[in-house]
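What follows is a short report on a single structure.
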Amino acid sequence: MDKQVFVDLPSKRISRKKQKNGTTYIYYRTNFRRNERGKATFDETAIGKLDEGSGKLIPNRNYYEVYLGESVDHVRSVKTLGLTFVLNRIVRDLKLDKIMSPIFESTQELLALAYYVLARGNVVVYAQDWIEGNAWTQSAPCLYSSKIGRLFENISYEQRLDFFERWAKQQTQREYWYYDVASVSSYGRQIDFLEWGYDREGEPLPQLNVGLCYGAVTQLPLFYRAYNGSITDKTYFTFLLQDFPFLDSDFPIYLITDQGFITRDNLQTTGQESKRFRVLSSLPLYLKDAQRILSDYGPSVKQDAHYLREEHVYGRRIVDTVLDQSVNIYLYYDIEKAAYDTKLFYESLLRTETELQALKRSQLNSERYRQYFKIDVTNEQSFTYERDSKAIDDYLKTCGYYVLLSTGPDLSPSEALRRYRQKDLIVEQFYQLKNEIDYLELKTHNRKTTEGKLFIGFIALILRSYLLNLLKSLPDKIRPSISKLIIELEKIKVIETKGGKRSLTPLTKKQKEILEALNISEDELGKVA
């Protein structure tokens, strides 16, 4: 054989025999019968030895004769089929190949590279080794390091925008897009949009920012844009809206963001684009407009008429003005949150008071001490303080409240809250991209390869998200993580003989459950093999 493989231990008709040297051999039982004394007996054939670390079988030539009916002398290669077969199916289901083919001449290579990134992560130098270990329904792609660099560089901005247009238009239903930004670091010194900026990850490296949109309905990544690492998120938001010239639907897209994007300019721009975009966001309570809204409407929201049964909170919609823009305000009051906020506040207040008791006059240099305390500096050596009851009471009036803002008129208080509560979906996407696909640090050296590699990571993220959605049909107790799913799929091997015959290795119960969740039958897999 080309290389040693590990297979799952057969569940039936096997026995184990451990040798003095510690090696355990696995035997397959055949020819069950009774001897002349009537005692049950059988023949045994050694089919390999047990790998103690993994619990897998290291098969010998008898294994293939028993399970595949072929002599190992006739075996030309043993390659992985399960993962590439599943990813090919997903690409067809999502029509990614049809979207990409008119845009990219090297669609097959780009998809294969996305498969590799999904399975192995960011270090693409080993892509060709992985390619050669997998079975392909078409000719195997060529992904040597020098070619990968050229593939990255040849993915132009216009091609990416063309892809986003075709990809977004395929999502025909009404959609809510969750939008957020994360930083990606790099060691590259010739990447002009890598700069020192607000470092979200604590990495002492220059960075670029990636703004990502994720569909609440499709539960798939829809669009991303990379920009300069020193530009703040709220500043770039208006430019983001200009990156959607391709969207021309019969209904506006809701962009759901956090409060960091709420500025006067952003609200004004969104209002001007209301036929294409509307924003749903939380409203910072420190804004004067938010304080006024709480003062004017806070007490009235706590009425039975405004109680939202499914959400277990009070909520109402109000048309008001925020940062000189007329918007819909969704004001909510949560009894449990009020108690929790009050408890946390007093714990913090007591800690601050304890600190004040221990401070010397020369150490009194923080404004936070004056937020809820009146401090009287009597001389250069000492000071006195007392609680600022009015400031404390003003804060306590906000406990339990939170405010959402929308530039669209067609959301009820319940729907607005449900949509906003799903905002963690976009956080999960960044986790997948940076940790599971290993894009926390890009290993690129110029702008073109960086942008090309980001695009491949985006395709891999689409495939990963789709896999996660399919796996939701499995019960929690048997649902694998994506990492374990990949491991199981890569155990599904195809044996090719020198005569050209291809046969699958036996499927385990777990592999069959996974394939069933992915809507793939064993017969379909066997036909490809």
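Worth pointing out:
- Full-extension gain in nm, Asp394 to Glu52, via 0.36 nm per residue minus C-alpha separation: 116.6 nm
- Between Lys98 and Ile375, residue separation times 0.36 nm minus the direct Cα-Cα distance comes to 92.8 nm.
- Here the translational diffusion coefficient of the range 316-413 follows from Stokes-Einstein with Rh set to the Kirkwood radius across Cα pairs; for 37 °C and 0.692 mPa s it amounts to 200 µm²/s.
- Placing unit charges on the Cβ atoms only, positive for Lys and Arg and negative for Asp and Glu, gives the chain a dipole magnitude near 2560 debye about its Cα centre.
- A Förster radius of 51 Å, combined with the Cβ-Cβ distance separating Ile318 from Lys509, puts the computed FRET efficiency at roughly 0.35.
- Flagged links, alpha-carbon separation over 19 Å, of Lys169/Lys275; Lys169/Lys472; Lys484/Lys512; Lys472/Lys512; Lys98/Lys491: Lys169/Lys472; Lys98/Lys491
- Taking only the C-alpha atoms of the range 298-343, the Rg (one decimal) and the largest Cα-Cα distance, Dmax (whole number), read 12.3, 35 Å.
- Applying 1/(1 + (r/R0)^6) with r as the Cβ-Cβ distance of Glu158 and Asn228 and R0 = 22 angstrom yields a FRET efficiency of 0.65.
- The residue among Asn209, Leu267, Leu467 whose Cα reaches farthest toward the positive pole of the charge dipole of the chain, with charges on the beta-carbon of Lys, Arg, Asp and Glu, is Leu467.
- Value of relative contact order over the range 401-529, rounded to a whole percent, pairs C-alpha under 8 Å and six or more apart: 15
- Label point distance in nm, Lys498-Ile478, each placed 7 Å from Cα along Cα→Cβ: 4.2
- Estimated 222 nm signal from helices in the chain, with DSSP H stretches of n ≥ 4 weighted -39500 (n - 2.57), rounded to 500: -11500 deg cm²/dmol
- Remark: accessible surface ordering of Asp43, Asp341 (largest first) is Asp43, Asp341, probe radius 1.4 Å.
- Within the accessible area of the chain, the carbon and sulfur atoms contribute 46%, probe 1.4 Å, all protein chains present.
- Relative contact order [Cα under 8 Å, 6+ residues apart], the chain, whole percent: 18
- Above-threshold pairs, the threshold being 21 Å between Cα atoms, out of Lys434/Lys510; Lys343/Lys390; Lys17/Lys56; Lys234/Lys288; Lys337/Lys374: Lys434/Lys510; Lys337/Lys374
- In this structure, Lys360 and Arg150 have a Cβ-Cβ separation that, at R0 = 56 Å, corresponds to a calculated FRET efficiency of about 0.30.
- Sequence of Lys360, Lys493, Lys453 when ordered by accessible area, the most exposed leading, probe 1.4 angstrom: Lys360, Lys493, Lys453
The values are calculated or read from the model by the stated rules, or taken from the named source; none is laboratory data. All values reported here derive from a predicted model rather than from experimental measurement. Positions of Cβ are generated from backbone atoms using ideal geometry, with glycine treated the same way; all protein chains shown enter the neighbour counts. The accessibility values were calculated without ligands, DNA or RNA, using every heavy atom of the protein model including side chains. Shrake-Rupley method; radii C 1.70, N 1.55, O 1.52, S 1.80 Å.
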